[in-house]
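Note sheet for the following structure.
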Amino acid sequence: GNAKALELETMAENDPEITLETYDKHQIKIPKSIATRSAIINMMIEDTGDVNEVVPLADKSCTLNIMNRVIEYLKKHAEFDSTGADDEVINEFDKEFQEQSDEIIFQTILAANFLDIKNLLELMCKKVADEIKKCKTPDDIRDRFNIRKDYTPEEVEEVKRAHPWIYDKNAK
């Protein structure tokens, strides 16, 4: 009853809601304890000293869609921290979180980098690295990530001469 309501009220006072404004002009309210897991948001809040001020996210990667994912990640990891979740549970969540389209993965990397959320940045970069490792040749990488070749055949030959190991099928 009342004890629980009082506890929630006290928690809310100690952890006020922060309003983030996404790049595409949506507002998201999240607890300060979650928001400040981003070193940049933490700095912005400390700079203004006002938790009621809207925090604008100026990087174009910080759209509503991507920020909802970033916040989902931050909330889940805050929960893991507070419950002392074991590595297996955390790794299972992280692995599932990585399973996204390339576009979402790259936008999440950009947002995590901009917001200075190291563990999320590392997680998503690891996903890209794992995908690259599955590729055998530079052409496989280009195909996998849909990268166009912008070099003339002459430029490609120059690179092959300068760095023959890249194209060596026997190299490990």
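The values are calculated or read from the model by the stated rules, or taken from the named source; none is laboratory data. Nothing here was measured: the structure is a model prediction, and the numbers come from that model. So basically every Cβ, Gly included, is an ideal-geometry build from the backbone, and we count neighbours across all protein chains shown. Ligands, DNA and RNA are excluded from the accessible area calculation, which covers all protein heavy atoms including side chains. Shrake-Rupley method; radii C 1.70, N 1.55, O 1.52, S 1.80 Å.
Structural remarks
- Most mobile listed residue (105, 71, 132) in the chain, GNM with C-alpha springs under 10 Å: 132
- The angle between the Cα long axis of helix 87-98 and the main principal axis of the chain comes to about 60°, on a 0 to 90 degree scale.
- For the chain: relative contact order, % (alpha-carbon pairs under 8 angstrom, 6 or more apart): 17 percent
- Sites residue 64 and residue 161 - FRET efficiency at Förster radius 45 Å, r taken between beta-carbons, to 0.05: 0.40
- DSSP loop chymotrypsin sites (Phe, Trp or Tyr not before Pro) with at most 16 other Cβ within 10 Å: longest gap in the chain: 1-144
- Dipole of the chain, positive end: most advanced residue of 14, 89, 128 [Cβ charges, Cα centre]: 128
- Cβ-placed point charges (K, R +1; D, E -1), dipole of the range 19-67 about Cα centre in debye, nearest 20: 220 debye
- Candidates 136, 60, 118: whichever shows maximal mean-square fluctuation once the chain is modelled as a Gaussian network with Cα springs under 10 Å: 136
- Net charge dipole, the range 33-135: roughly 300 debye, given to the nearest 20, about the Cα centre with Cβ charges of +1 for Lys and Arg and -1 for Asp and Glu.
- Here's the picture: charge each Lys and Arg Cβ at +1 and each Asp and Glu Cβ at -1 in the chain, and of 74, 55, 147 the one pushed furthest to the positive end of that dipole is 147.
- Computed log₁₀ I(q)/I(0) - Debye formula, equal Cα scatterers, no solvent, the chain, q 0.10, 0.11, 0.12, 0.20 Å⁻¹: -0.54, -0.63, -0.71, -1.30
- Solvent-accessible area of residue 29, all protein chains in place: 120 Å² (probe radius 1.4 Å, heavy atoms, ligands and nucleic acids excluded).
- Per-residue accessible area (protein heavy atoms, 1.4 Å probe) orders 121, 110 as 110, 121, starting from the largest.
- Largest mean-square fluctuation among 92, 131, 21, in a Gaussian network model of the chain whose springs join Cα atoms under 10 Å apart, belongs to 92.
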